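One structure is given below, encoded as structure tokens.
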């Protein structure tokens with residue numbers, strides 16, 4: 001992706017989103033002075049506002065285009081949701097889900113005027129927001145133990161999911177269903 005016309009286009013669009021959506025607006029008052037620092041910052045309730053360089057990489061990998069429907073899993077105080085809304089443009093839609101009610105309240109307060117955004121209380125028993133599926137893109141802002149197939153299933157064919165699995169950032173593109181024999185390993 002780096003160096004390609006598509007990669008450059010994505011980099012420029014993400015940079016424009018960062019310029020348009022101030023991180024400071026999505027931080028608690030005591031953290032706002034650190035908005036320009038490239039570190040995750042605490043929102044309270046064991047939740048953070050992610051490190052800007054990480055968010056930039058994730059959004060570039062995600063490749064959001066105008067008009068896309070995007071699911072933001074772990075939307076926090078709404079910063080990534082607002083960045084995604086900027087990237088989807090006036091005809092796109094972003095659905096954000098957050099597990100911690102107090103943090104979701106922050107996101108709702110921060111995004112109340114944005115009609116392209118829909119926010120929901122996450123159900124601890126259900127990953128994502130299946131009622132709004134299929135999505136063109138899914139952004140996951142929490143580390144998973146294994147690839148979250150429940151979220152992959154919420155993608156349309158050709159859709160992309162970006163998120164960490166055991167600390168490694170993955171970009172997964174869904175290509176539909178096929179039938180194969182089971183994968184097995186030989187014990188030697």
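Which value in Å is the Kirkwood Rh of the chain over different Cα pairs? Its Kirkwood hydrodynamic radius stands at 17.0 Å. Please give the Cα centre distance for segment 21-69 versus segment 106-140, rounded to the nearest Å. A separation of 16 Å, based on Cα centres. P(r) for segment 67-174, from all Cα pairs and a bin width of 10 Å, is 16, 51, 30, 3 %, short bins first. With helices as the sole contributors, the chain gives -8000 deg cm²/dmol at 222 nm; each DSSP H run of n ≥ 4 counts as -39500 (n - 2.57), and the sum is divided by every residue. Cα axis of helix 52-62 to longest principal axis of the chain: angle in degrees, 0 to 90, nearest 10? Roughly 40 degrees between the two axes.
Ranked by the mean number of other Cβ atoms within 10 Å of their residues, highest first, the peptides 153-166, 44-57, 72-85 come out as 72-85, 153-166, 44-57.
Using the Cβ-Cβ distance between residue 113 and residue 183 with R0 set to 30 Å, the FRET efficiency from 1/(1 + (r/R0)^6) comes to roughly 0.05. In degrees between 0 and 90, to the nearest 10, how far off the longest principal axis of the chain does helix 101-111 point, with axes built from Cα atoms? Value to nearest ten degrees: 70. Rounded to the nearest 10 degrees, the inclination of helix 79-88 to the longest alpha-carbon principal axis of the chain is 70 degrees. Springs between Cα atoms under 10 Å define the GNM used for the chain, and in it the highest mean-square fluctuation of 30, 114, 143 occurs at 30.
The value of relative contact order for the chain, using C-alpha pairs under 8 Å at least six residues apart, is 16 percent. In this rough spin-label picture, where each label sits 7 Å from Cα along the Cβ direction, the residue 150-residue 34 distance is 3.1 nm.
Any read-out appearing in this document is the output of simple, stated calculations on the displayed coordinates, not a laboratory observation. Owing to the predicted nature of the structure, the values given are computational and were not obtained by experimental measurement. FYI the Cβ positions are ideal-geometry reconstructions off the backbone, even for glycines, and counts take in every protein chain you see.
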